[in-house]
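Here the structure comes first, spelled out in structure tokens, and everything after it is commentary.
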Amino acid sequence: MTQKRIDRASWRHYNFTTIGRVDDYLYSMLPKRDTVLAEMEDYATEHKVPIVGPAVARVLQQLAMMTDARTVFELGSAIGYSTIWWAHAVGEKGRVFYTDSDKKNAERARGYFVRAGVADRIQVHVGDALEFLSEQKQEFDIVFNDVDKEDYPRVLRLADPRLRKGGLFITDNVLWSGRVAEKNPTDSRTKAILEFNRKLYDAPEFYTTILPIRDGLAVAVKK
Ligand SMILES: C[S@@+](CC[C@H](N)C(=O)[O-])C[C@H]1O[C@@H](n2cnc3c(N)ncnc32)[C@H](O)[C@@H]1O
């Protein structure tokens, strides 16, 4: 049997029940979050704010630690949950750019940043994240993409020139609850994610892997 066929066979065996159980196990392994992060998780659940959650947030922080990242540009920050994880990762001298088009999200996020003791590391921008990124002159260690899915292909074009060599371009929701595996998807968000994933894997300037954690996290290293 070829490697591809072995991989497929083991994947079939790894059915949805197993995925659910493995997910529960992974979440049970996570250390308790501090008061502010725990409160944000509760708020997000209660108000249906789509945050990355603690399992993915931990990967984000770990990737920042591994690459000794000091500057992070985040597209789509909502109430600032992932932003706080980045802020902890970059350390006192680091800088994180928070961006969100919703003023109320930004107000709430600001309050959390102060309480988490990381407000001085975070620059808050309310408005279009893609426009703000395109106005930047500096190169970042990490660009994190979590905006509306239709914009993903455009974010790829904008992120590349703003990343340093060896920097990371990270994107959430690239498996889109499994809809990327549908035969002929018709909705525009799934189509945009499919286009994005294909282009990211094909881009000669990046080395990409999709981590199948939660809703799928694409991690691309700039060559
Ligand atoms: C998935 S949420 C971000 C969650 C956040 N990254 C976290 O995990 O804590 C997406 C956010 O992106 C914002 N957004 C979507 N498109 C945007 C754009 N073009 N510019 C700025 N913000 C945008 C929305 O307002 C929403 O709050």
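Details
- Using C-alpha pairs below 8 Å separated by at least 6 residues, the relative contact order for segment 83-157 is 30 percent.
- Residues TYR112, TYR207, sorted so that the one with the fewest Cβ neighbours within 10 Å comes first: TYR207, TYR112
- Part-to-part distance (alpha-carbon centres) for segment 170-223 and segment 53-69, which is given in Å: 19
- Over segment 31-222, Cα pairs under 8 Å with separation of 6+ residues give a relative contact order of 18 percent.
- The angle between the Cα long axis of helix 16-29 and the longest principal axis of the Cα atoms of the chain comes to about 30 degrees, rounded to the nearest 10.
- Listed residues LYS191, LYS199, LYS32, most fluctuating in the chain (Gaussian network, C-alpha, under 10 Å): LYS32
- Spin-label pair ARG189/MET29, simplified geometry with 7 Å Cα→Cβ offset, distance in nm: 2.9
- Rounded FRET efficiency, nearest 0.05, which uses the C-beta distance separating ARG164 from VAL49 and R0 of 41 Å: 0.85
- The sum of -39500 (n - 2.57) across all DSSP H runs of n ≥ 4, divided by the residue count of the chain, sets its helix-only mean residue ellipticity at 222 nm to -14500 deg cm²/dmol.
- Among the listed pairs LYS32/LYS93; LYS183/LYS222; LYS104/LYS183, those beyond 28 Å (Cα-Cα): LYS183/LYS222; LYS104/LYS183
- Angle between the chain longest axis and helix 3-13 axis [Cα atoms, degrees, rounded to 10]: 80
- For a label point 7 Å along the Cα-to-beta-carbon line of ARG157, residues of segment 100-141 with backbone N under 19 Å: 128-137
- Restricting the calculation to Cα atoms, segment 87-166 yields a radius of gyration followed by a Dmax of 13.1, 35 Å.
- Working from the Cα coordinates of the chain, the gyration tensor eigenvalues give, after taking √(5λ), semi-axes of 28, 22, 17 Å in decreasing order.
- Top of THR190, THR45, THR209 by mean-square fluctuation, Gaussian network on the chain, Cα under 10 Å: THR45
- Size descriptor, Kirkwood hydrodynamic radius, that averages inverse alpha-carbon separations across segment 113-223, Å: 14.9
- The angle separating the long axis of helix 103-116 from the principal Cα axis of greatest extent in the chain is about 80 degrees.
- GNM flexibility winner over the chain from VAL118, VAL147, VAL22 (Cα, springs under 10 Å): VAL22
Read-outs throughout are calculated quantities, based only on the coordinates presented, and are distinct from any laboratory measurement. Since the structure is predicted, the reported quantities are computational estimates derived from the model, not experimental observations. Backbone-built Cβ (ideal geometry, glycine too); neighbour counts: all protein chains shown.
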